[in-house]
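Reviewing the structure listed below.
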Amino acid sequence: YIHIINKADMAASKGLKILVGCKRVIDYAVKVRVKPDRSGVVTEGVKHSMNPFDEIAVEEAVRMKEKKLAGEAVAISVGPPQSQETLRTALAMGIDRAIHVEIPLAQLEKLQPIHVSKLLAKVCESEKPDLVILGKQAIDDDCNQTGQMLAALLDWPQATFASKIEPSQDSKQLRVTREVDGGLETIDVSVPAVVTSDLRLNEPRYATLPNIMKAKKKPLAKMSPDQLGVDLQPRQEVISVEDPPVRKAGAKVESVEDLVGKLREKGLVK
Amino acid sequence: SKQTMLSSSRAALVAAAAKLPRLVTRYGYCTTAAGERQQQKPLSPKITTHPTRNDRAKDPRWKDIDMTRAADEADVVIVGGGPAGLSAACRLAQLNAEKGTEMRIVVLEKASSVGAHIMSGACLDPKGLVELFPDWQERGAPLHTPVTGDKFYMLTEKRAIPLPLLPGMPMHNHGNYIVRLGNVVAWLGEQAESLGVEVYPGVAAAEVLYTEDGSAVKGVATNDVGIAKDGSPKDSFERGMEFHCKQLIIAEGTHGHLAKHLINRYDLRAGREPQTYGIGFKELWELSEDRWRPGYVEHGVGWPLDSGTYGGYFIYHLNEGSPLAAVGFVVGLDYSNPYLSPFHEFQQFKHHPHVAAALTGGKRIGYGARALNEGGVQSLPKLTFPGGCLVGCTAGMINVPKVKGTHNAMKSGSLAAEAVHEAIGSGEIEPATYEEALRNSWVYKELHSVRNIRPSFHLLNGRLGMFGGMAYTGAVWYFTRGREPWTFSHGGTDHEKLLPAKDCKPKDYPKPDNVLSFDLLSSVALTSTNHDHDQPPHLTLYDDSVPGQVNLSVYDGPEQRFCPAGVYEYVELDDGSKRLQINAQNCIHCKTCDIKDPTQNINWVTPQGGEGPAYNGM
């Protein structure tokens, strides 16, 4: 669906409604270990936290609320029961309410961006947000797909790798600065839109204890993939997960002739 | 890094100034605006930027910052969510249910989740747990591995000599369980929550709060967040909050930082010996199936430690579905050679043929270290103060020859809970009945009976070392069981025992083979420790110039060697001089530096909550 907000709306209305995606991932500082059967990595008892890019997305949503650009910010997480802790952190940072799409453990390991984006698309149909902010990628799978797939499913414009979000000059759209290979690209996107956050978008605030205690009273709704009518059949099969190869020692050469000689030896130079 | 590069003209200035007499005071740090220098300011770049050492009230960068703190009320606040703290919490909740009283009980735990900072062997004596939860089995406490076999060895360089383990000896483990203590603590946390206790992980208690007249404790304040590395406020700065409580229970584990402060303030060690310590290392190994002996417990002493250095090892084979074993090593922190590196002694130990036999074909999957208390009854401080008390390892209740303290910690937590409950009911400020209850309990009986074993190591001025200790245990203790009328002293603090480097021989440790032994940094990586890099280092120094002037010149910088996480490094500057660099991010919260620093210049304070190691069932 498409709905257009005009300048009058933006000013007079209660602001944009933002949906923010948060994923519970293994904490970035943890030393990850491959399971002995090579089917995946060890997650049992391992420290988990909110995906860092999602923290940035949550922070941006809260800042937009503080700047009165947004009226309501809703956090959503697709994951196991423990994802509730991740949502509580988002609530403690300033999000108004949360939605938890609970995935049974059996299907958790096979969950892929295509499923998550379909689930999010379904939620968007009922929640009708004006803006969806997601982290650009999750640090466990590094897929960088959910935001883009979601935009395609909804047929919404997308602004990925955002390092700045502000109203456009005519206030009818959002002006997003994107980090691209060549530098920075600034585009105007009409809402509703999907934006994915990059590292330099902001520095997230800490979830402090008084806010954590207040967040316990904020609403957290639960949903299941069945309720949303999304099938979680995996499209891919993970054959094996391996440790990266141990880096072999290099060799130091004393002169250019030496270097060329060695390259010849390896057949890399004729 | 930017901080270590000095221009040549500044380097010349430093060199010239080194020849002038300097006025260096304990608190003489200039906190005026950047660029202004005063004559007394020490010329080494500032290391300690932490607000506990730099008054923000006098710092212009903090002029416009609102420093008010939100405050909340609770009946009891417990600092530390370990076995002692959580036992106190559970017991309090049980007492409330029994007696129909209502109390708000809050547990503050600095780790990101309950159990993540727990580091222990562990061979658990279940009696503390059984008294707290007689139905622990139905409740699903993760005690999965009863001890099936028990051995004690004396290692020489090539051999492992089995020594007899007679029933009644402290190292005899029949009836005990091999556990992953972090998992037991996580389970205790769940029990506490189900009993209505509020448990807040990721929150560090940073400051003790006092009543107006300063006589009694009225609560704690949690840590501030969002202070930059140079001590200035960041955009994300937020003040911690205050908890005002009727009773404060300190359960921070060995050498807690608030405990240290309270012990000093209320002079709780008056008439008692100072605490003595050891550093304990532990690795979790996935053994090769054919070398796995579930339920098997092994302890030992000897190689590679020389007979003058107290220490020993343990190997516990878990039985939780996979061939896991805990391999650990303790070195007494009363060692005298500043060149000794406890970490390297541990790594070398694994190469002993007897130990290598167990580990070959296996894979190391975990590493951690923590100081442990060895002082026993001689070093127990006064346990109560106006407004609260100390429980568990923070007071120091490890039975050293048994290498067990968890059961005592849990019992002390329960007894403290009973005293605290009584004190709140009667309006008493100090839970004075706690100390007497502990003295009448099996905790004290046990600690009293083994009080002479650890100090017997120093018999005949330590010339007999470990042999003296074992001889005493076998010849005297086995018959007297502690009824001998004398009590040996520990002979002073651990840090005083360190000799100047010039009087000692440097030690040459073999390089790790990356199969059995490993280097320090890859070991630290396994702890998954992390701290926000942009915050003042929480390893604070009373005086920034002391490391260069004393630690390095007299003791050759022993902190480089006793820190199990590579926090302390002396880096060479352009002018050839050396400067202490504190890699606070690596810290695994073991407290060894605060204990062993010969100048006692290092004061460990808590970093932001949720930081530090992320141990998984250690």
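None of the figures in this text is laboratory data; all of them are computed from the coordinates on show. Given the structure is predicted, the values throughout are model-derived calculations rather than measurements. Glycine also receives a Cβ, built like all others from the backbone with ideal geometry; neighbour counts cover every protein chain displayed.
The packing ranking, built from the mean of other Cβ atoms within 10 Å per residue, places the peptides B:75-85, B:262-272, B:294-304 in the order B:75-85, B:294-304, B:262-272, highest first. Students often forget the sequence filter, so: which lysines lie under 25 Å Cα-Cα from A:LYS122 once same-chain residues fewer than 8 apart are removed? List returned: A:LYS14, A:LYS17, A:LYS23, A:LYS65, A:LYS110, A:LYS136, A:LYS218, A:LYS222.
With R₀ fixed at 51 Å, the C-beta to C-beta distance from A:VAL180 to B:LEU521 puts the FRET efficiency at about 0.90.
Label reach from A:LYS68 (point 7 Å along Cα→C-beta): in the range A:175-218, amide nitrogens under 20 Å belong to A:175. Evaluated over the Cα positions of the range A:13-245, the convex hull gives a direction-averaged projected area, one quarter of its surface, of 13.8 nm². How would you classify the range A:97-179 from its alpha-carbon gyration tensor, with a ≥ b ≥ c the square roots of the eigenvalues: rounded for a/c under 1.5, else prolate if a/b is greater than b/c, otherwise oblate? The shape class here is prolate.
Taking every DSSP helix (H) stretch of at least 4 residues in chain B, weighting each as -39,500 (n - 2.57) and dividing the sum by the residue count yields a mean residue ellipticity at 222 nm of -6000 deg cm²/dmol.
Per-residue Karplus couplings for the range B:256-271, computed as 6.51 cos²θ - 1.76 cosθ + 1.60 with θ equal to phi - 60°, are listed in order as x, 7, 6, 4, 4, 5, 5, 4, 5, 5, 9, 6, 6, 9, 4, x Hz, Gly and Pro entered as x. Straightening the chain between B:GLN549 and B:ASP508 buys 12.2 nm, computed as 0.36 nm per residue apart minus the Cα-Cα spacing. For the residues of B:323-335, the average number of beta carbons from a partner chain within 10 Å of their own beta carbon is 0. Under the convention that each Lys and Arg Cβ holds +1 and each Asp and Glu Cβ holds -1, the size of the dipole of the protein assembly as shown around its Cα centre is about 1260 debye. Note on A:ASP226 and B:GLU102: their simple-model spin labels are 4.0 nm apart, each label 7 Å out from Cα toward Cβ.
Decide, for chain B, between rounded, prolate and oblate: order the square roots of the alpha carbon gyration tensor eigenvalues as a ≥ b ≥ c, take rounded if a/c falls under 1.5, and otherwise choose prolate if a/b is larger than b/c, else oblate. The shape class here is oblate. Couplings for the range B:115-128, taken from phi via the Karplus curve 6.51 cos²θ - 1.76 cosθ + 1.60 with θ = phi - 60°, read x, 6, 10, 7, 9, 7, x, 9, 10, 8, 7, x, 5, x Hz in order; Gly and Pro are left as x. Listed values for the range B:79-95 are Karplus-derived 3J(HN,Hα) couplings in whole Hz (6.51 cos²θ - 1.76 cosθ + 1.60, θ = phi - 60°), namely 8, x, x, x, x, 5, x, 6, 5, 4, 4, 5, 5, 4, 5, 5, 4, and x replaces Gly and Pro.
Residue ranges A:101-111, A:246-256 sort as A:101-111, A:246-256 when ordered by packing (mean number of other C-beta atoms within 10 Å per residue, highest first). With the simple spin-label model, which puts each label point 7 Å out from Cα in the Cβ direction, the A:ASP258 to A:VAL34 separation comes to 3.4 nm. Cross-link partners of A:LYS262 among lysines, defined as those whose alpha carbon lies under 23 angstrom from its own and excluding same-chain residues fewer than eight positions apart: A:LYS248, A:LYS252, A:LYS270.
Taking the centroid of alpha carbons for each part, the range B:363-438 and the range A:163-211 are 52 Å apart.
Per residue of B:232-240, other chain Cβ atoms within 10 Å of the residue Cβ number 3 on average. Projecting label points 7 angstrom from Cα along Cα→Cβ for A:GLN107 and B:GLU320 puts them 3.0 nm apart. Restricting attention to the range B:71-451, close to 65% of DSSP beta bridges with both partner residues there are antiparallel.
Taking every residue in B:66-78 and counting other chain Cβ atoms within 10 Å of its Cβ, the average works out to 1. Residue ranges B:486-493, B:230-237 sort as B:230-237, B:486-493 when ordered by packing (mean number of other C-beta atoms within 10 Å per residue, highest first).
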